[in-house]
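My structure is below; once you've seen it, I'll send some questions.
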Amino acid sequence: MAKCKACGSGGLFSRVDEVGLCPNCHHSYALMSDSIRILQDSLHLVEDSQYLDTKISRCETALDHIHRILNLPNSVQIWHAFNPTMGLPEIASSIDEVLNDLQTVQVNLAASILDLLRKGPSTQKGLYEVLESAFAKEGRPVDTLSFSVEKSLPNLLKQMEEKGMVSKSKSGRSYMYSIGNKQ
Ligand SMILES: [Zn+2]
């Protein structure tokens, strides 16, 4: 007699697969496997990436795939059978927290950039230097952050440009950023 390690169903004539799942749970598990792989890849990138926007988009991808997994039959029990220490809802809420923090940092960075540009146009390098010292003054030196402000700045400026918050113009050999016209 075999008993499914996820849902506990079993009986005299029931069978389980090589990892101990009944046919129903085996089916869900097969459907979960792509999302689990994407979830794991995303979490590695959230951890390792130096780019703020990559971290944010990978948090969103991870949450999306957790929700896909949670929508499959018996997925909570199947997950628990293989990962008894941390449940999917707990993982989702900790990613949510990280995502909120990152988004707050991004909004604050954009606001600081606009404040700086209100005083006059600046190059990307000039902006970075002021931001770096602003972080230091706040007691959060840039090298203690989970991402690189310097590497994240170009993408952030590009997003702000697309939203019309800043504009870019060529001045000599470098680009100058100034306040956009759509704020
Ligand atoms: Zn089962």
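The values are calculated or read from the model by the stated rules, or taken from the named source; none is laboratory data. Given the structure is predicted, the values throughout are model-derived calculations rather than measurements. In this analysis, Cβ positions are derived from the backbone assuming ideal geometry, glycine residues included, and neighbour counts consider all displayed protein chains. All accessible areas refer to the heavy atoms of the entire protein, side chains included, with ligands and DNA or RNA removed. Shrake-Rupley method; radii C 1.70, N 1.55, O 1.52, S 1.80 Å.
Just add up the charged neighbours of Ser174: K/R +1, D/E -1, any other residue whose Cβ is under 12 Å from the Cβ of Ser174.
Values: positive: Lys125, Lys168, Lys170, Arg173; negative: none.
Around Ser174, the surrounding residues sum to +4.
In debye, nearest 20, what is the charge dipole magnitude of the chain about its Cα centre with +1 on Lys and Arg Cβ and -1 on Asp and Glu Cβ, if you could check?
Details: 19 positive and 21 negative charges, 115 e Å.
Roughly 560 debye for the chain.
Hey, could you pull the Cα Rg and Dmax for the stretch 102-179, both in Å?
Every Cα atom of the stretch 102-179 included, Rg and Dmax give 12.1, 36 Å.
Just to be sure I follow the definition: excluding the sites themselves, where is the longest run in the chain that has none of the trypsin sites (Lys or Arg not before Pro) in a DSSP loop with at most 15 other Cβ atoms within 10 Å? Each step should come with its number before you reach the end.
Working: sites that count: Arg15, Lys119, Lys163, Arg173, Lys182.
The segment 16-118 is the longest one with no such site.
Quick one: pull the percent of accessible area on the chain belonging to carbon and sulfur, 1.4 Å probe, ligands and nucleic acids left out.
Details: 5640 of 11070 Å².
The value for the chain is 51 percent carbon and sulfur by accessible area.
Considering only protein heavy atoms, what per residue accessible area in square angstrom results for the chain with a 1.4 angstrom probe? Walk me through the numbers on the way to the answer.
Values: 11070 Å² over 183 residues.
That works out to 60 Å² for each residue.
Taking a probe of 1.4 angstrom, what is the accessible area of Leu52 in Å², to the nearest 10?
It works out to around 10 Å².
So, one more: Please state the charge dipole magnitude for the stretch 102-179, taken about the Cα centre, from unit charges on C-beta atoms (+1 on K and R, -1 on D and E), reported in debye and rounded to the nearest 20. Could you put the intermediate results ahead of the total?
Numbers: 11 positive and 8 negative charges, 60 e Å.
The dipole magnitude comes to about 280 debye.
Which residue, Gln40, Pro23, Gly11, has the largest displacement toward the positive end of the dipole of the stretch 1-54 when charges sit on each Cβ (Lys, Arg +1; Asp, Glu -1)?
Gly11
How far, in nm, would the chain grow between Val107 and Arg15 when pulled straight, counting 0.36 nm per residue and subtracting the alpha carbon separation?
The span from Val107 to Arg15 would gain 27.7 nm if fully extended.
Give me the compactness ratio for the stretch 37-183, meaning the Cα radius of gyration over 2.2 N^0.38 Å.
Details: Rg = 19.0 Å, N = 147, 2.2 N^0.38 = 14.7 Å.
After normalising by residue count via 2.2 N^0.38 Å, the value is 1.30.
While we're on this one: With Kirkwood's inverse mean 1/r over C-alpha pairs for Rh, give me the Rg to Rh ratio of the stretch 83-127, two decimals please.
1.35
My understanding is that a pair violates if its Cα-Cα distance is over 22 Å; which of Lys137/Lys168; Lys137/Lys170; Lys55/Lys119; Lys119/Lys163 do that in this structure?
On the way: Lys137/Lys168 28 Å; Lys137/Lys170 31 Å; Lys55/Lys119 30 Å; Lys119/Lys163 20 Å.
Pairs exceeding 22 Å: Lys137/Lys168; Lys137/Lys170; Lys55/Lys119.
Turning to a different aspect of this structure: Of Gln103, Ala92, Pro73, which is farthest on the positive side of the dipole of the stretch 34-183, counting Cα position, with +1 on Lys and Arg Cβ, -1 on Asp and Glu Cβ, and the Cα centre as origin?
The residue sitting farthest along the positive end of the dipole is Gln103.
Could you sort Phe82, Phe13 by accessible area so the largest value comes first, with the probe set to 1.4 Å?
Phe13, Phe82
Same structure again: Compute the whole-percent fraction of alpha carbon pairs in the stretch 13-124 spaced more than 20 Å apart.
Working: 3278 of 6216 pairs.
When every Cα pair of the stretch 13-124 is considered, 53 percent fall beyond 20 Å.
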